[in-house]
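**Q** Input: one structure, supplied below.
The values are calculated or read from the model by the stated rules, or taken from the named source; none is laboratory data. Everything quoted here is computed from the prediction, not taken from an experiment. Quick reminder, even Gly has a Cβ in these numbers, built from the backbone with ideal geometry, and neighbours come from all protein chains shown. These accessible areas exclude ligands, DNA and RNA; they are computed on the full protein's heavy atoms, side chains included. Shrake-Rupley method; radii C 1.70, N 1.55, O 1.52, S 1.80 Å.
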Amino acid sequence: MTTATPPPVAPTGDHHDLAIVLFAVVVLVTLTITLWVGRRGSATEDFYAGGRDFTPLQNGFALSGDYLSAASFLGVAGLIALYGYDGVLYSIGFLVAWLVVLMLVAELVRNAGRYTLADVLALRLRRRKVRAAAGGASVVVTLLYLVAQMVGAGSLVALLLGTDSAQARTWTIVAVGGLMIVYVTIGGMRATTWIQIVKAFLLIVGSVLLTVLLLVRFHGDVGELMRQAAQHSGAGRRYLEPGLKYGATFTSRLDFFSLGLALVLGTAGLPHILSRFYTVPTARAARRSTMWAIGLVGGFYLMAIALGLGATALVGSAEVRHANSAGNTAVPLLALVLGGGNGSTGGVVLFALISAIAFATILAVVAGLTLASSAAFAHDIWAGAWRGRPRRRPFRRRAAVPASRPVDAGDTVDAGETADAAEAEPTGEASERQEVWVARFAAVGIGAAAIAISLYAQQLNVAFLVGLAFAVAASSNLPVLLYSLFWSRFTSRGAVWSVYGGLIPAIVLVVFSPVVSGTKAALFPGVDFHWFPLENPGIISIPLGFLAGWIGTITSSEPADADRFAELEVRALTGAGAA
């Protein structure tokens, strides 16, 4: 049974050496994987899709590794430790989102696309503006997600070093940014996938270990765990009831609904999740990968709830908040107590081990995000919109271009290839290599931007930051994807309007929300220019994305191409002509 008042658990210098050694081991292992796998192939398909030869089980672990980020391991448990029931709502939203992915997009996206979301759209929408819009939105979404991971890294290493020094956080963020650039530029999707698999395995094992130790500590009595959590939360019974963070006012209830909408719908629009479906050989494998991911993610979030409650019960909300105001260090602090407390050998080892797993989680996710954003820039914006997508060698078969397509007579393209590709100059194999090099340079630029933004967002909870990324994904990427797959009248203008109609309002509302100014926890706490009262824009921006796509379509002078939609429908449902 626990004591009435949790002891202070701020780590001392005794923990630093072992934790730093384990951090170094994590970095060396991931770099070794990157260098080893990076030598196996340098073709475009290897860089973007890992050769498409991963099994459903492997890709299921990689999917869960991509999804179970710092927001899951650090942020969700931290929110539960601080806000109890309201923090649990994050884990529910993250989990339910996978049902949308399984039912609506997994198989269809695998069949209809090649490397990115814009490939799916390009099957029936000819204009380069569609690629530019979809690629730009993907870069914005992944950049927001990257910021969340790097903020988590800064919080974790600051705890490890036992300091609140801004300089320590800054150098941590810079180091993580440098590592993610190395992973992507050298290893591509193959290396990123194997890093995700290793990381997911470590994360599940670490979570199981902590959960077992926690339940043993309370003799399997979950009710007592909840009572102790309420007692040490500083809020009493309110900790176990709705309203500690959301629900106290009408505005906070709207904010909760907006957050839930973003979490449930956002996953299906995340570029790094969608690109993961292209690493398996068939649509059936994509579906089975998603089912594996649902099982792994579901099990993890059940454990995350227990760990959040355990952190409150054994560490105390006040101590968690003292170590990090956003609660991002609740799990490592819990590990320290479960291992025997401050100064004990077991506490040192367990604290260092869990911190290293959390660091591996961050490194793996930032690699996947950087790859997705650099692919969107190089494949969609640079090659597809600016230069015209380079001609590829066929993977399946060649097919004559339907007569309805506005291309030169007698021209041929890959099965399912868009008219955009046929309009481009056939630049051949050299252009494919050139595109990969552009993606590598883009990874450097995107990494630098993520580092710069992260330095200003260190006081925000990582799960909250990810919620913003989900809102933008659900506002810009999901509407255009669903319209393209299921609405036969959808046009190029509708696609462009849908992307920008969700993306721009989402960004504007965030800029003028309490997230950026007007509160102590804002990016700029010293000023106040906010007029939008909600922290998450999803309740406004998601409907606007769907509405803009509908208005753009019905006002378009260009009729929808029935032949292209039929071709997309057949390919998405059957896999005929899929890469």
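**Q** With a 1.4 Å probe and all protein chains kept in place, how do Arg253, Arg288, Arg124 rank by accessible area, largest first?
**A** Arg253, Arg288, Arg124
**Q** If ligands, DNA and RNA are left out, what is the accessible area of Glu435 with a 1.4 Å probe, given in Å² to the nearest 10?
**A** Accessible area of Glu435: about 10 Å².
**Q** Here's a follow-up. What FRET efficiency would be calculated for the residue pair Gln167, Leu302, taking the C-beta separation as r and a Förster radius of 51 Å, to the nearest 0.05? Walk me through the intermediate numbers first.
**A** Values: r = 38 Å, r/R0 = 0.75.
My answer for the efficiency is 0.85.
**Q** Just in the stretch 524-555: which chymotrypsin sites (Phe, Trp or Tyr not before Pro) are loop by DSSP and have at most 15 other Cβ atoms within 10 Å? Walk me through the numbers on the way to the answer.
**A** On the way: sites: Phe529, Trp531, Phe546, Trp550; in loops: Phe529, Trp531.
Hits after loop and neighbour filter: Phe529, Trp531.
**Q** Take the Cβ-Cβ distance between Thr519 and Val21 as r, set R0 to 35 Å, and report the resulting FRET efficiency rounded to the nearest 0.05.
**A** Details: r = 39 Å, r/R0 = 1.12.
Efficiency for this residue pair is about 0.35.
**Q** Also: Which value does Rg/Rh take for the stretch 474-579 over its C-alpha atoms, Rh per Kirkwood?
**A** Details: Rg = 18.2 Å, Rh = 15.4 Å.
The Rg/Rh ratio comes out at 1.18.
**Q** Continuing with the same structure: Sorting check: for 361-370, 77-86, which peptide has the highest mean count of neighbouring beta carbons within 10 Å, and how do the rest follow?
**A** On the way: 361-370: 30.0, 77-86: 27.5.
Ranking, from highest mean packing down: 361-370, 77-86.
**Q** Another question about this same structure. Using alpha-carbon pairs under 8 Å, 6+ residues apart, how would you state the relative contact order of the stretch 271-360 in percent?
**A** Values: 55 pairs, mean separation 13.8, N = 90.
Across the stretch 271-360, relative contact order equals 15 percent.
**Q** Over 10 Å intervals from 0, what percent of Cα-Cα pairs in the stretch 212-361 sits in each interval?
**A** 10, 28, 32, 23, 8, 0
**Q** Right, next: What's log10 of I(q)/I(0) for the stretch 100-209 at q = 0.11 Å⁻¹, Debye sum over Cα points only, no solvent?
**A** Log10 of I(q)/I(0), two decimals: -0.56.
**Q** Determine the sum of side-chain charges near Thr555: Lys and Arg each +1, Asp and Glu each -1, restricted to other residues whose C-beta is under 13 angstrom from that of Thr555. Intermediate values should be presented prior to the final figure.
**A** On the way: positive: Arg489, Arg493; negative: Glu558.
So the surrounding residues net to +1.
**Q** So, one more: List the extent of the Cα atoms of the stretch 532-579 along each of their three principal axes, largest first, rounded to whole Å.
**A** 48, 29, 13
**Q** If you count only protein heavy atoms with a 1.4 Å probe, what accessible area per residue comes out for the stretch 62-132, rounded to a whole Å²? Show your work: numbers first, answer last.
**A** Details: 1530 Å² over 71 residues.
Here the per-residue accessible area is 22 Å².
**Q** Return a whole-number percent for the relative contact order of the stretch 92-230, with Cα pairs under 8 Å and 6 or more residues apart as the contact set. Mind dumping the intermediate values first?
**A** Numbers: 48 pairs, mean separation 12.6, N = 139.
With pairs under 8 Å counted, the relative contact order is 9 percent.
**Q** To continue, here is another question. Which translational diffusion coefficient, to the nearest whole µm²/s, is obtained for the stretch 249-304 from the Stokes-Einstein equation, given a Kirkwood hydrodynamic radius over C-alpha pairs, 10 °C and 1.306 mPa s? Display every interim value, and only then the final one.
**A** On the way: Rh = 13.5 Å.
It comes out at roughly 118 µm²/s.
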